[in-house]
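> Attaching a single structure in structure tokens format; questions to follow.
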Amino acid sequence: PARHFDTKTTEPISFFLSGLEELLAWQPDSNDDFNVSAVPLAKRQPPLHSKRPRTLVCHDMRGGYLEDRFIQGSATRNPYVFYHWRYIDIFVYFSHHTVTIPPVCWTNAAHRNGVPMLGTFITEWTDGEKLCESFLAGGEEAYRAVSEQLARIAQHYHFDGWLVNIENTLSAAAVANMAPFLRHLTAQVHGAVPGGLVIWYDSVLQNGTLKWQNELNEENRVFFDACDGLFTNYNWKEEHLERTRRLAGPRHTDIYVGVDVFARGDVVGGGFDTDKSLRLIRQHGLSAAIFAPGWVYEHLGEENFLRNENKFWGSLSEYLPTHSICTLPLATSFSLGIGTSRFLAGKEEEAGPWYDLSAQEIQPLYPEHEGRLSTSCCLQDAWCGGSSLRVQGTIPPGEEHVAIRLFSFQMPAPPKLFLTLLYKLEGPHPEELTVALELTTWDSGTCHEGSVTTLPEPNGRHHPRFLPAPPPSLAKLLATCDRGSHGWTSRCYELDLQDCGLRDLSLLVSRHQPSPQEMFFTCLLGEVRVLDAASAVASPPQVQSLAASQVWWQ
């Protein structure tokens, strides 16, 4: 069927639904299997329901369902990709089709990095008015059928809820049922999807008029009260934020203040001035909704996209609280799900462009310090997948080393950890530098490294012991311990901790001799793993009930 498979190539594709009939007629289909997200939503700290102001990203690019619709990837050069997951809380995939089901590759990438994914339910123009009339102006049976279908769709495809965007006027009969519909949809989504969300876009008022308010007020509050949050329009000023904060009361973090990165209309700041908008939003303790950050790609072009993307998110990082990992194992090759080649064990296996967000791995923090440090994606060389993480910076004069934070943790440390690192030093004098991993722990009187007799490390910094060869029980898992290849160096470490909480994992770059000169370095990271020794020894579950269907030979 053309909905599920590309008519030119027969490849499986992600799709949307148009109109009420398609929505109500939808039911699970055996052709759907490709479209169901296979990656469960990873846990992270702090959880979404904590009272910290959040960051929502709403992705709206050229109508949606571009190369990202190809579920098994495509040979796309310079595609758009998002990877600053540590800095955001919610991702919305937006298009102007009635029911936007997020392409499964986006859900997979978001979930792997702990971010919930929302689809969009939108009605607009005169067709939207008719559509709303037909399901809202009648009895509750009609609107309940719609909310039940939307909840079933999210549950079936394994995404996490809906942005509801009503961009047309509503009759008195229709608007009377809008808040009950939202309440019912929210209850259905909460019941069908653990941690599910329904967010309302600031558009229609309680009297049915289409009039964007740029704030929470008495005209639109009835819809905010019926769901999990309000995404405001973009043309606000500071007084709107003050009034919103007062009216929202204890639910102030459920207000997502809209920031249009394209800066359309009268806005505080977009583009590389988006930080001005975020500064004000955070001053009032509100959450932010960053709309169309694809501006970086669409406006500044594909050529220097990755560099511009790091610059854009780096400029906002002061206002984007980050998220910590709270489960082990952590294993990543830093791949963005794009490449100009495919690598395996440091060797280029296949040249040519590819794009598959489902293959994106867990993404680190991307620390940037103007002139002193940059972390970025390197497409020219990788250990595994399409890219490695390039860390460039300087060791300041008189200093012996510099630590670059890759991940933050918030979890109890297991008694024994194994860590692995694959790296490649570039630059003029690699022999003068040493690369290792450093783990820090949260300050606590109880935390000890090794046995109880050893003194606690000052300021909780631990330098795991180098393992020249893996213990026999882990020889298979840590096979690369003592042998890198194709210019990559492989290292394994172990660390024993008692009553500690993990805090940060950093890359430690040191020079052998202190010097009055600063020293420049470039290091590619091909893979990092942090393993709980106890579960690493256990044998992995075996694959069962394997079936192949719709097979034909050509």
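> Hey, can you find the accessible area per residue of the chain for me, probe 1.4 Å, expressed in square angstrom?
It amounts to 43 Å² per residue over the chain.
> Next question, about the same structure. If each residue of separation counts as 0.36 nm, what is the full-extension length gain between Gln380 and Ser315 once their alpha-carbon separation is subtracted?
20.8 nm is the gain from fully extending Gln380 to Ser315.
> Starting from the Cα-Cα distance between Ser30 and Glu148, subtract it from 0.36 nm times their residue separation and give me the gain in nm to one decimal.
The span from Ser30 to Glu148 would gain 40.4 nm if fully extended.
> For the stretch 158-171, in order, what is each residue's ³J(HN,Hα) by Karplus, 6.51 cos²θ - 1.76 cosθ + 1.60 with θ = phi - 60°, in whole Hz (x at glycine and Pro)?
Ordered by residue, 3J(HN,Hα) equals 6, 10, 10, x, 9, 9, 9, 10, 9, 9, 7, 6, 10, 5 Hz.
> Taking every pair of alpha-carbon atoms in the chain, give the share separated by more than 35 Å as a whole percent.
41 percent
> Antiparallel as a % of all DSSP beta bridges within the chain, to the nearest 5?
Antiparallel: roughly 70 percent of the beta bridges in the chain.
> Reported to two decimal places, what Rg/Rh ratio describes the stretch 330-535 when computed on Cα atoms with Rh from the Kirkwood expression?
0.97
> Still on this structure, I have one more. Can you work out the PRE-style zone for Glu426? Point 7 Å along Cα to Cβ, and I want the residues of the stretch 320-335 with backbone N under 17 Å.
Zone members listed by number: 334-335.
> Now for a different question. Dipole of the chain, Cα-centred, from +1 at each Lys and Arg C-beta and -1 at each Asp and Glu C-beta, to the nearest 20 debye?
820 debye
> Work out the FRET efficiency for Val39 and Glu239 from their Cβ-Cβ distance, taking R0 = 35 Å, and round it to the nearest 0.05.
E(calc), rounded to 0.05, equals 0.25.
> How large a share of the accessible area of the stretch 330-535, in percent, is made up of carbon and sulfur atoms when the probe is 1.4 Å and the other protein chains stay in place?
Carbon with sulfur: 54 percent of the solvent-accessible area.
> Hey, with R₀ at 22 Å, roughly what FRET efficiency would Glu348 and Ser539 work out to, going by the Cβ-Cβ distance, to 0.05?
The pair Glu348/Ser539 has a calculated efficiency of 0.10.
> Test of understanding: extend the Cα→C-beta vector of Met411 to 7 Å, then name every residue of the stretch 176-205 with backbone N under 18 Å from that spot.
Correct set: none at all.
> Sticking with this one: What distance in nm lies between label points placed 7 Å from Cα along the C-beta direction at Gln498 and Arg77?
According to this spin-label approximation, the distance is 6.1 nm.
> Expressed in nm to one decimal, what extension gain is obtained for the pair Leu546 and Ser485 from 0.36 nm per residue of sequence separation less their Cα-Cα distance?
18.5 nm
> Taking the Cα-to-Cβ direction at His512 and at Asp266 and moving 7 Å from each Cα, how far apart do the two end points lie in nm?
Computed distance between label sites His512 and Asp266 equals 6.6 nm.
> In percent, how large is the relative contact order of the chain, given Cα pairs closer than 8 Å and 6 or more residues apart?
Taking the mean separation of contacting Cα pairs over the length of the chain, I get 13 percent.
> From a point 7 Å beyond the Cα of Ala176 in the direction of its Cβ, which residues of the stretch 201-220 have a backbone N at a distance under 16 Å?
Counting only backbone N, you get 206-209.
> Just in the stretch 108-213: which chymotrypsin sites (Phe, Trp or Tyr not before Pro) are loop by DSSP and have at most 15 other Cβ atoms within 10 Å?
Passing both the DSSP loop test and the Cβ count: no residue.
> Something else: Counting GluC sites (Glu not before Pro) as exposed when in a DSSP loop with at most 16 other beta carbons within 10 Å, what is the longest stretch of the chain free of them?
1-217
> Placing +1 on the Cβ of each Lys and Arg and -1 on the Cβ of each Asp and Glu in the chain, which of Pro471, Ile404, Ile290 has its Cα farthest towards the positive end of the resulting dipole?
Pro471
> Calculate the spin-label point distance for Leu210 paired with Arg279, positioning each point 7 Å from the Cα along the beta-carbon direction, and give it in nanometres.
For Arg279 paired with Leu210, the spin-label model returns 3.6 nm.
> In addition: May I ask for the equivalent-ellipsoid semi-axes of the stretch 103-146, computed as the square root of five times each C-alpha gyration tensor eigenvalue and listed largest first in whole Å?
Ellipsoid half-lengths, sorted descending, are 32, 13, 6 Å.
> So what are the stretch 118-221's ellipsoid semi-axes, whole angstrom, largest first, if each one is the square root of 5 times an eigenvalue of the alpha-carbon gyration tensor?
22, 16, 12
> Also, I was wondering about something else. Let's see if you can work this out: charge +1 on each Lys and Arg Cβ, -1 on each Asp and Glu Cβ, no other charges. What is the dipole magnitude of the stretch 198-259 about its Cα centre, in debye to the nearest 20?
40 debye
> State the Cα centre-to-centre distance between the stretch 113-148 and the stretch 263-315 in whole Å.
Comparing the Cα centres of the stretch 113-148 and the stretch 263-315, I get a distance of 29 Å.
The values are calculated or read from the model by the stated rules, or taken from the named source; none is laboratory data. Computed from a predicted model, the values in this text were never measured in an experiment. Please note: Cβ atoms are built from the backbone with ideal geometry, for glycine as well, and neighbour counts cover all protein chains shown. Note: accessible area is taken over every heavy atom of the protein model, side chains too, but ligands, DNA and RNA are not part of it. Shrake-Rupley method; radii C 1.70, N 1.55, O 1.52, S 1.80 Å.
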